Amino acid sequence: MKKIRSYTFFYFFIKVFVFTISLYALIVLLDAKREWMDKFYLAFSTANGPVVFIFLFLFMLLNIGLEAFKWKRLIHSIESISFIKALMAVYSGICAGLITPHSIGDYIGRVFFVKNTKRFESIGSILFSRLSQLLITCITGIIAACYFLWRIELDNRIFTLILISIISIVVFYVSWEKRTYLLDKMQRLPLLNKIEFWFDHIRTYSPSLFYQTLLLSALRYAVFLTQFVVLLIFFGIKLPLELLIVGGIFTFFVKSLIPTFFDLGIRELAAVYFFSQFGIPQEPVILASLSLWFFNLIIPSFIGLFCMFKIER
């Protein structure tokens, strides 16, 4: 009995420690953007500010809700979990992902909401969910990149990104179609056979589940694209709607193919690069991009801090 109490106390101590470290990392991130925070506060203090803030917040909830529903369906073959539990796992994953390189923490934040014996097996479902989202970004991004090359400027770097996207789409689709063959091969290869069970349940995924996952990824993509377009308009960028949409798609495209440590930097540069072609100054573009980061990563990360206390042993 004493041993169990000691273990429970230790486990709680670990949660508090992780909470404290994560909270500190988030505070450091926001402190580094103090100048932007001041402008953010002034912008949302205007007459239309509260309405826009509520709209963006509700769309953030929809965004996370779609991801939770998608992951709940993907993990069903391993463990049946409630939507609320899937939601807490996604929030926790966003928090852990924000403070780790290339969002690796997203896997850690989610797997701890699965039963102890099934945690490694759930990694495959998280990867599948992330890759399906990347696939939608690549497909839409190719269209935006072609628009950029046709209407704005021929740029070899954009050609390279298009090539990488096409290869990624082909590899993903071929891997899906040949998943049973590839998993069988993994079982027979040294080292890879140690982790094959992480992905083995993907064999059970039906074509219907595959296309439903892509549909949910597309809906989620539409949600944060809408958020970005609203922010661009809110910060005074006066361009035709189709250009705002293409600019948003182009920004997400570049950001997804060139990941960064804290999800900052590349997205802002991509957005500035695109909109500067139309004479738009940097500041409103950067404000819109950082505000998107705030709504879809910072706010969910603070929610995720408290979801971590619901992690199972």
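Points worth noting:
- Subset of segment 270-293 (residues that are surrounded by fewer than 17 Cβ atoms within 10 Å (Cβ to Cβ) and part of a helix (DSSP H, G or I)): Ser276, Gln282, Glu283
- Listed by first and then second residue, the pairs linking a residue in segment 279-305 that is within 16 Å of Phe59 (Cα to Cα) to a residue that is assigned to a helix (DSSP H, G or I) and among the charged types (D, E, K, R), with Cβ atoms under 6 Å apart and 6 or more places separating them unless they lie on different chains, are Ser289/Arg267; Ser289/Glu268.
- Scanning segment 208-220 for residues that are surrounded by fewer than 21 Cβ atoms within 10 Å (Cβ to Cβ) and of a type outside the set (A, V, I, L, M, F, W, C) returns Ser208, Tyr211, Gln212.
One line per residue, one yes/no per condition, for (1) under 12 Å from the mean Cα position of the chain (by Cα); (2) surrounded by 22 or more Cβ atoms within 10 Å (Cβ to Cβ); (3) not charged (D, E, K, R):
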position	(1), (2), (3)
Phe59	no, no, yes
Phe83	no, no, yes
Thr117	no, no, yes
Glu121	no, no, no
Leu131	yes, no, yes
Ile143	no, no, yes
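- Restricting the first member to segment 176-196 and to residues that are within 24 Å of Pro207 (Cα to Cα) and at pLDDT 85 or above, and the second to residues that are in a loop (DSSP other than H, G, I, E, B) and hydrophobic (A, V, I, L, M, F, W, C), the beta-carbon pairs closer than 8 Å and six or more apart or on different chains are Leu183/Phe199; Met186/Phe199.
The values are calculated or read from the model by the stated rules, or taken from the named source; none is laboratory data. All of these numbers come straight from a predicted model, not from anything done at the bench. Methodologically, a virtual Cβ is constructed for each residue, glycine included, from the backbone with ideal geometry; neighbour enumeration extends over all protein chains shown.
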